[in-house]
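The structure appears right after this line, and notes come after that.
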Amino acid sequence: MTSTRPSPDWLTDAVLYQIYPQSFADSDGDGIGDFAGITEHLDHLAWLGVDTVWLNPCFTSPFRDAGYDVTDYLAPAPRYGTTEDLAALVEAARRKGIRVLLDLVAGHTSDQHPWFRASAEDPSDHRYIWSERPVDGFVASPGGRIGWYRPNFFECQPALNFGFAREDPDQPWRQPVDAEGPRANRAALRGIMAHWLGLGLAGFRVDMASSLVKDDPGFVETGKLWTELRDWLDRSHPQAALFAEWGDPAAAVAAGFHADFFLQFGGADHGLPLRSLWNNNAGTVEEFWKQGPCYFEAEGRGTPEVFLDAWRSAAQLTEGAGHIALPTANHDFSRLATGPRTADQLAPAFALLLTWPTLPAVYYGDEIGMRYVPDLPDVEGSVLGPTYNRAGSRTPMQWAPGPNAGFSTAPAERLYLPVDPDPHRPDVATQRADPTSLLHTVRRLIALRRAHPGLGARGSVEVRHAGYPLVYTRAGRYLVVVNPRREPAVVPPAALPDGAGRVGRPGGLRPLDVQGVRVGAGGELRADGFSYGVFDLG
Ligand code: GLC
């Protein structure tokens, strides 16, 4: 598929970094992260080499779903700071070559939002989806209006009314997409986006992006809605990017997004492409996410084929039109270091992430191998059920050694403490001082990707061995070997491009960044357990 759409010129080379603002850095000692804390730690991001940050929601909110329940889209939550603090962060980041994206919670508000409070009093208001009789899944009106509203996620998150793709006389709450309420909501989305783009923000990650128009087979009407917004962006803010939380890049890009993530859910395989890489059934694992061994499993019982097949298909369908982002983790899912997978096993995962033609997205703390912490109590809606606890992926960034990870232990809301109880837990300060640390590995791999565009989102890829190890070439010029299991693995000679066997010799492989991949006695290429190698084929 080719597209004539303009696209921000920075997007193809982006290396993303997700910041959960609650947990990243606390500048004022109230025990909760804030904008100024992020600003103070921009050096870390610049040193690491990332250039695009996306922030989870930082707007005013009662925080029943950690800020995904917005009460004012144009006002930052006081606990994070003021609009001026956010503008200062954006400007300081810009000076370091870092763009900032906000999280746009498009499909619902908080039940405390003035729009909803007004709607719950006024039967003629249709900004939300109201039934005059009880309906399964709907929630009783909290106000003077007699009625029931449709929630989008938690009950405290009433769905904004973007209409239904199909009407039904028996269900009068199904309004067409061009009814007055849906039109007002579409206009509001544009207004919110224009406001923040005007302040220098570089775009948005759109929460539950596929959820807007209800009962929409094939997302046809949802696609029209986003395409209309994209057309407006292309005209008025051509350097702004829209990332979807959709989990089906082909669908999201067809709907008008610049990019979408492979996620733990979404698409025909319900998130299996991403989960087949990292998910080891520990951490935030719902019953229906239980699966066979993933590829990044120490016992080496997985296969990269599930990911590769899904990537091939998505890449074909999005080629020239948009991008696929590949995250290490996110605030809703297990970190890389979860269950039996320890930090010393993560280098090959980052080698894949940073040499694959997707947009890499590092979840804060994964660059030092922060662990998913099991069994934490519910914090602001983090626990969704006995097997789905998101709190473990939301603990404070571990800037320094010590019991509270460099976060204040002072009063107020010590939200995501405690941190990993392991006395050897990773932290930024210690790893900065150790050139052999994971942090330095991630930094080197990011720098390598930047220095060699053929390793980035643009260059071609040819998979030469889809097992242990995974072997591929990039841009016909680089060879990558990734061995995520404990046992060593030998690169099958047929997987090597012609003449590539002679490492370090003229016409052979020139190591660019290698950890544990070497030439064996018989001239074969051997990959130690948990190793990777990136070579120039010369
Ligand atoms: C998205 C967010 C998640 C939130 C939900 C409701 O999936 O990532 O954290 O709880 O939407 O807004």
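Some points to look at:
- Listed by first and then second residue, the pairs linking a residue in the stretch 144-161 that is in contact (Cβ under 8 Å) with a residue 24 or more places away in the chain and farther than 18 Å from residue 332 by Cβ to a residue that is more than 11 Å from the ligand (Cβ to nearest atom) and open to solvent by 50 Å² or more (accessible area, probe 1.4 Å), with Cβ atoms under 6 Å apart and 6 or more places separating them unless they lie on different chains, are 144/121; 145/121; 145/123; 147/132; 159/150; 161/126.
- The set of residues from the stretch 7-60 being open to solvent by 20 Å² or more (accessible area, probe 1.4 Å) and assigned to a helix (DSSP H, G or I) comprises 12, 13, 36, 39, 40, 43, 46, 47.
- When the residues of the stretch 439-487 are filtered to those that are under 19 Å from residue 366 (Cβ atoms) and among the aliphatic types (A, V, I, L, M), the one that is surrounded by the fewest Cβ atoms within 10 Å (Cβ to Cβ) is 447.
- Under the condition of being more than 13 Å from the ligand (Cβ to nearest atom) and without any contact (Cβ under 8 Å) to a residue 12 or more places away in the chain, the residues counted in the stretch 381-401 number 1.
- Summed over the stretch 93-108, the residues that are buried (at least 16 other Cβ atoms within 10 Å of the Cβ) and either part of a strand (DSSP E or B) or more than 14 Å from the ligand (Cβ to nearest atom) (or both) give a count of 10.
- Test: residue in the stretch 131-144 that is β-branched (Val, Ile, Thr), at pLDDT 95 or above and within 33 Å of the chain's Cα centre (by Cα): yes
- Checking every residue in the stretch 356-378 against the condition of being more than 23 Å from residue 428 (Cα to Cα), at pLDDT below 95 and either within 16 Å of the ligand (Cβ to nearest atom) or β-branched (Val, Ile, Thr) (or both) gives at least one match.
- Residue within the stretch 140-155 that is among the polar types (S, T, N, Q), assigned by TED's automatic domain parsing to the domain that holds residue 115 and within 16 Å of the ligand (Cβ to nearest atom) present: yes
- Comparison of 341, 301, 335 shows that the only residue that is within 16 Å of the ligand (Cβ to nearest atom) and either in a loop (DSSP other than H, G, I, E, B) or of a type in the set (A, V, I, L, M) (or both) is 335.
- The stretch 242-254: number of residues that are surrounded by fewer than 24 Cβ atoms within 10 Å (Cβ to Cβ) and away from the ligand (no atom under 16 Å from the Cβ): 2
- Filter result for residue 196 (open to solvent by 10 Å² or more (accessible area, probe 1.4 Å) and more than 17 Å from residue 152 (Cα to Cα)): no
- Residues of the stretch 294-322 classified as open to solvent by less than 20 Å² (accessible area, probe 1.4 Å) and either of a type outside the set (Gly, Ala, Ser) or at pLDDT below 95 (or both), total: 7
The values are calculated or read from the model by the stated rules, or taken from the named source; none is laboratory data. Quick caveat: nothing in here was measured; it's all calculated off a predicted structure. Virtual Cβ from ideal backbone geometry, glycine too; neighbours counted across all protein chains shown. For the accessible areas, the whole protein counts, side chains as well, though only heavy atoms, and no ligand, DNA or RNA atoms are used. Shrake-Rupley method; radii C 1.70, N 1.55, O 1.52, S 1.80 Å.
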